[in-house]
Amino acid sequence: MRQFIVAGAAGALSLLSVSASAEPLSLLLNWTPAADHAPIYYALDNGLYEEAGIELTVEPGKGSGMAAQNVGVGAKSLGIAELGTAFLAKSKGADLVAVMAIYANSPFTLYWRKSSGIEGPADFAGHTLGNPSGDAARVMWPAFAKAAGIPEDGVSFVNIAPAAKIPTLAAGRVDIISDFYNGHDQKIETLGDDLGSLRWSEVGLNPYGNSIIVNGEFLSENKDMVARFVDVTQQAYRTCAEDIEPCIAALMNNASGLDHDAMVAQWGRIAELMTTEATVNEALGWFDPVRIQETYDLVNTYFELDAPFDPATAYTNDYLDTAIKMVE
């Protein structure tokens, strides 16, 4: 064993032991740490990756688009990205393969204040929509606009940081925000009865959401390592689905500025997004080939893919343990 000094979330120094035989591996998150990443931090804090011979480094991200690009060019071995965005990147030459679904249902949701006069998408024209430039919902906006029957250029996008979405909307500095459904309760707490919302699935768009992606070349050369990573991660998500408290504790131990109750509420929504017939009956993280095709068709319909590809080459269920299923 070897030891080195690391700085904790509050800046405190501690000794961390890592097996001399552990192989380094990097994981780029889609955004900053939140409840959907709690299982990863749970596995880290409990030494599960280390036991599997992996020295995992987790880095905060700046959007699914950025994660897909970094993994696609091999700058990062693994990442988390919304699958439609990953497919777009793949059509532009990104070498990546999805190995585990986190959000088996689409998390895309639009929020507004009813007092602004907006009742639904028909009222979006002429309003501002706030989100980061790398936000997956901004990348996929043309698909939503077409499905909802509204002009693609009807809204004006405003760049705001992820953490600023809710306060910016509440202050009226933007009229609409895009966000993931896992943060729904926080918006209810902030805006109460003035909150208006629409999940993209309500207009018939339900592509696969956040998924773990791997650089294709890295995968071909490190299949055993990827298998070990997926095994630990899949088990961690199942453990957290049964009891989220120790996982939220691990998350908050590794990320500052998070509210415990908000993260617990967020996880409740995430559990909804993780639960489908396939994840309950086949395996937690399972990709349904039919829905993979539907996700690809959605992207291919609403975007001009630079180079169409067979979606079967963009994912695999081979690294999932079928004995590990999502709780009902």
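The values are calculated or read from the model by the stated rules, or taken from the named source; none is laboratory data. Values in this document were obtained by computation on a predicted structure and should not be read as measured data. Heads up, the Cβs are rebuilt from the backbone with ideal geometry, glycines too, and the neighbour counts pull from every protein chain shown.
Some observations on this one:
- Restricting attention to region 230-257 and to residues that are part of a helix (DSSP H, G or I) and among the polar types (S, T, N, Q), the residue that is surrounded by the fewest Cβ atoms within 10 Å (Cβ to Cβ) turns out to be 253.
- Qualifying residue in region 211-220 (condition: assigned to a helix (DSSP H, G or I) and in contact with a Pro (Cβ under 8 Å, 6 or more places away or on another chain)): no
- Residues (over 24 Å from residue 271 (Cα atoms) and either modelled with pLDDT under 95 or buried (at least 22 other Cβ atoms within 10 Å of the Cβ) (or both)) located in region 93-111: 94, 96
- Segments classed as strands (runs of 3 or more DSSP E), wholly inside region 23-109, with at least 2 members that are of a type in the set (Val, Ile, Thr): 54-59, 96-101
- Hey, residue 150 closer than 24 Å to residue 204 by Cβ and either in contact with a strand residue (DSSP E or B) (Cβ under 6 Å, 6 or more places away or on another chain) or free of Cβ contacts under 8 Å to residues at least 12 places away in the same chain (or both) or not: no
- In this entry, residue 262 passes the filter for residues that are among the small types (Gly, Ala, Ser) and within 18 Å of the chain's Cα centre (by Cα).
- Residues of region 209-229 that turn out to be crowded, with 22+ Cβ neighbours inside 10 Å and closer than 22 Å to residue 279 by Cβ, as a count: 8
- Residue within region 195-208 that is in a loop (DSSP other than H, G, I, E, B) and either surrounded by fewer than 18 Cβ atoms within 10 Å (Cβ to Cβ) or among the polar types (S, T, N, Q) (or both) present: yes
- Subset of region 166-187 (residues that are in contact with a Ser or Thr (Cβ under 9 Å, 6 or more places away or on another chain) and either free of Cβ contacts under 8 Å to residues at least 12 places away in the same chain or surrounded by fewer than 18 Cβ atoms within 10 Å (Cβ to Cβ) (or both)): 167, 170, 172, 173
- Candidates 211, 201, 220 - the one that is under 26 Å from residue 296 (Cα atoms), under 18 Å from the mean Cα position of the chain (by Cα), among the hydroxyl-bearing types (Ser, Thr, Tyr) and at pLDDT 95 or above: 211
- The set of residues in region 270-290 that are part of a helix (DSSP H, G or I) and buried (at least 19 other Cβ atoms within 10 Å of the Cβ) comprises 270, 273, 274, 278, 279.
- Checked against the criterion of being crowded, with 17+ Cβ neighbours inside 10 Å, assigned to a helix (DSSP H, G or I) and among the aromatic types (Phe, Trp, Tyr), region 308-326 has no qualifying residue.
- Search result, residues across region 26-39 that are in contact with a Cys (Cβ under 9 Å, 6 or more places away or on another chain) and closer than 20 Å to residue 55 by Cα: 38, 39
- Region 286-324, subset touching a Ser or Thr at 6+ places or on another chain (Cβ under 7 Å) and at pLDDT 95 or above, residue farthest from residue 140 (Cα to Cα): 286
- Test result for residue 262, surrounded by fewer than 21 Cβ atoms within 10 Å (Cβ to Cβ), among the small types (Gly, Ala, Ser), within 30 Å of residue 188 (Cα to Cα) and modelled with pLDDT under 95: yes
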